[in-house]
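Encoded as structure tokens, the structure appears first; notes follow it.
The values are calculated or read from the model by the stated rules, or taken from the named source; none is laboratory data. Note that the structure is a prediction, hence the values are computed from the model and not measured. So basically every Cβ, Gly included, is an ideal-geometry build from the backbone, and we count neighbours across all protein chains shown.
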Amino acid sequence: MFRVVHFELQTDKPEELAQFYSKVFGWKVRQVEGDIPYWHLQTGTGEQHTKGINGGAALIRAEERQGRAAAVNTVEVPSVIEMITSIEANGGRQASPVMELPGGEKFVYCEDPHGIVFGLIERQA
């Protein structure tokens, strides 16, 4: 069984959104270096047994989100490529290219048969 390990809030104003969650819930906010404006959202203390998951706020323009705000859950899997095959065999689809992240992780957006977007991440062993 694979678990949700990350969430992403997609908006035109990720820094503003990140600050909102920092002020309301006390989440720690850190801007991530890279080509796409992105803010890491730490929801817990970072201790090993803290419940919950961390996330991020990403700049995704309204036209790319069909004008809606969106939240994307990310599931950790052993193989992104194998999971894409399973998703497509069950009526879903790959919604983005597979991306190489810092540290050698692989990430991809997919859609379920109802059009709900989710992410897959393959971590380095």
Restricting attention to the range 36-68, which residues are at pLDDT below 80, more than 14 Å from the chain's Cα centre (by Cα) and of a type outside the set (Lys, Arg)?
Thr45, Gly46, Glu47, Gln48, His49, Thr50, Gly52, Ala62, Glu63, Glu64, Gln66, Gly67
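Just checking: which of the strands (runs of 3 or more DSSP E) contained wholly in the range 33-125 hold 2 or more residues that are in contact (Cβ under 8 Å) with a residue 40 or more places away in the chain?
Fully inside the range 33-125 and qualifying: 55-59, 70-76, 117-122.
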Can you tell which of Gly55, Gly34 is in contact with a strand residue (DSSP E or B) (Cβ under 8 Å, 6 or more places away or on another chain) and either surrounded by 15 or more Cβ atoms within 10 Å (Cβ to Cβ) or not assigned by TED's automatic domain parsing to the domain that holds Glu105 (or both)?
Gly55
Please go through the range 1-17 and pick out each residue that is under 22 Å from Leu120 (Cα atoms), of a type in the set (A, V, I, L, M) and not in a strand (DSSP E or B).
Met1
Is it the case that Ala18 is touching a Pro at 6+ places or on another chain (Cβ under 6 Å) and under 27 Å from Glu100 (Cα atoms)?
no
Say whether the condition of being over 16 Å from Pro14 (Cβ atoms), surrounded by 13 or more Cβ atoms within 10 Å (Cβ to Cβ) and among the aromatic types (Phe, Trp, Tyr) is met by at least one residue in the range 37-44.
no
